[in-house]
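Inspection log for the structure reproduced underneath, given as structure tokens.
The values are calculated or read from the model by the stated rules, or taken from the named source; none is laboratory data. The structure displayed is predicted, hence computed values, not measured ones. Glycine gets a Cβ as well: all are built from the backbone with ideal geometry, and neighbour counts include every protein chain shown. Calculation scope for accessible area: heavy atoms of the full protein, side chains included, ligands and nucleic acids excluded. Shrake-Rupley method; radii C 1.70, N 1.55, O 1.52, S 1.80 Å.
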Amino acid sequence: VFGAKAHSQQRRANGDPYFGHPVAVAGILTELRLDDATIATALLHDTIEDCEGVTYQVIADQFGEEVAELVDGVTKISKLDLGSKETEQAENLRKLLIAMSRDVRVLLVKLADRLHNMRTIGFLRPEKQERKARETMEIYAPLAGRMGMQSMRDELEDLSFEVLNPQGRVSILRRFTQ
């Protein structure tokens with residue numbers, strides 16, 4: 001309810017109410033059978049960054065220090081400029097993300113956040129789609145793989161490849177279905 005109220009005036013690029021996104025992220029993490037604090041973090045993950053009047057202290061007062069720390073960690077990762085041109089730079093950014101995160105659940109929420117964003121990427125401008133897809137391919141998909149989340153890595157790569165090389169993807173799929 002807190003998250004729904006905080007995001008009540010916001011919309012996604014497709015026009016849907018914004019709070020559907022945190023609910024979808026929480027759904028992804030629920031499928032992974034994560035704990036209550038992680039699910040609460042998913043529902044609140046964009047509130048400090050995107051909602052007026054929502055601060056770390058507000059989250060801590062309402063949901064406890066554990067959830068506030070997790071939300072704050074996701075917020076800090078979200079504020080990083082992860083766009084990179086070089087593979088070596090992407091590797092350094094992956095290491096930075098891991099080092100920054102004192103709690104692996106922060107990375108799990110961020111990966112689920114990126115997965116849902118990639119599933120709904122078609123509503124963004126083409127240049128933003130390409131930037132997000134490259135970032136996903138260079139940073140988030142390998143991070144998911146390193147964390148042992150192979151199916152998430154595969155889906156992130158497939159969704160990114162669909163944006164970056166749609167003809168190549170169609171050609172590959174055609175070969176598998178013949």
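Residues in the stretch 8-19 that are within 17 Å of the chain's Cα centre (by Cα), of a type outside the set (Lys, Arg) and open to solvent by 40 Å² or more (accessible area, probe 1.4 Å): 13, 19. Of all residues in the stretch 123-151, those that are out of contact with any Leu (no Cβ under 6 Å at 6 or more places or on another chain), under 27 Å from residue 16 (Cα atoms) and touching a residue at least 12 places away in the same chain (Cβ under 8 Å) total 8. Quickly run through the stretch 40-60 and pick out the residues that are over 17 Å from residue 8 (Cβ atoms) and small (Gly, Ala, Ser). Scanning the stretch 40-60 gives 40, 42, 60.
Within the stretch 123-178, the set of residues being assigned to a helix (DSSP H, G or I), surrounded by fewer than 11 Cβ atoms within 10 Å (Cβ to Cβ) and at pLDDT 90 or above comprises 126, 127, 150, 151. Close Cβ contacts (under 6 Å, 6 or more residues apart or on different chains) running from residues in the stretch 34-53 that are closer than 14 Å to residue 19 by Cα to residues that are open to solvent by 40 Å² or more (accessible area, probe 1.4 Å) and of a type in the set (A, V, I, L, M, F, W, C) comprise 40/63.
Could you say whether any residue in the stretch 32-45 is surrounded by fewer than 19 Cβ atoms within 10 Å (Cβ to Cβ) and within 16 Å of residue 5 (Cβ to Cβ)? The answer is no, given that none of the residues of the stretch 32-45 is surrounded by fewer than 19 Cβ atoms within 10 Å (Cβ to Cβ) and within 16 Å of residue 5 (Cβ to Cβ).
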